[in-house]
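Please read the structure below before turning to the comments.
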Amino acid sequence: MNSNVKYNAYLKELADLCGISKKLTTHIARHTFATTVTLENDVPIETVSKMLGHRSIRTTQIYARITKKKISNDMKALRKKLFFGGKLKLECQPDDTRRAAI
């Protein structure tokens, strides 16, 4: 028996036990893992690619979707890095001029 077929049977059993009406497959599980479990928890896509056994990040990009939640979380993190106490962080440059840290 194909391992995907057996895995899909396990997923169907789990879905039945949990009252999930959507058909669960290995393909859906990989999408969910790549998007919800890893990327939305700030795991870099390079790491996700290795976890999924991909040779190319392009393959991972097929599975991993960038969600609105991910964009929102990333924007919040960027805002924290750029702003301190409501003010834009500035950094000194070698010529002693000040520029925004972007």
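The values are calculated or read from the model by the stated rules, or taken from the named source; none is laboratory data. Predicted model only: the values in this text are computed from it and were never measured. Here the Cβ positions follow ideal geometry from the backbone for every residue, glycine too, while neighbour counts run over all protein chains shown.
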If you scan the stretch 57-85, which residues turn out to be outside any helix (DSSP H, G or I) and surrounded by 13 or more Cβ atoms within 10 Å (Cβ to Cβ)? 64, 65, 66, 67
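Within the stretch 5-21, how many residues are in a helix (DSSP H, G or I) and without any contact (Cβ under 8 Å) to a residue 12 or more places away in the chain? Write out each step before concluding.
Start the filter on the stretch 5-21 by keeping residues that are in a helix (DSSP H, G or I), which leaves 5-18.
Cutting the leftovers down to without any contact (Cβ under 8 Å) to a residue 12 or more places away in the chain gives us 5-6, 9-10, 13-18.
Count: 10.
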Can you name the number of the only condition in (1) on the phi > 0 side of the Ramachandran plot; (2) in contact with a Leu (Cβ under 6 Å, 6 or more places away or on another chain) that residue 42 fails? (2)
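Of the residues 24, 39, which is outside any loop (DSSP other than H, G, I, E, B) and either small (Gly, Ala, Ser) or modelled with pLDDT of 90 or more (or both)?
39
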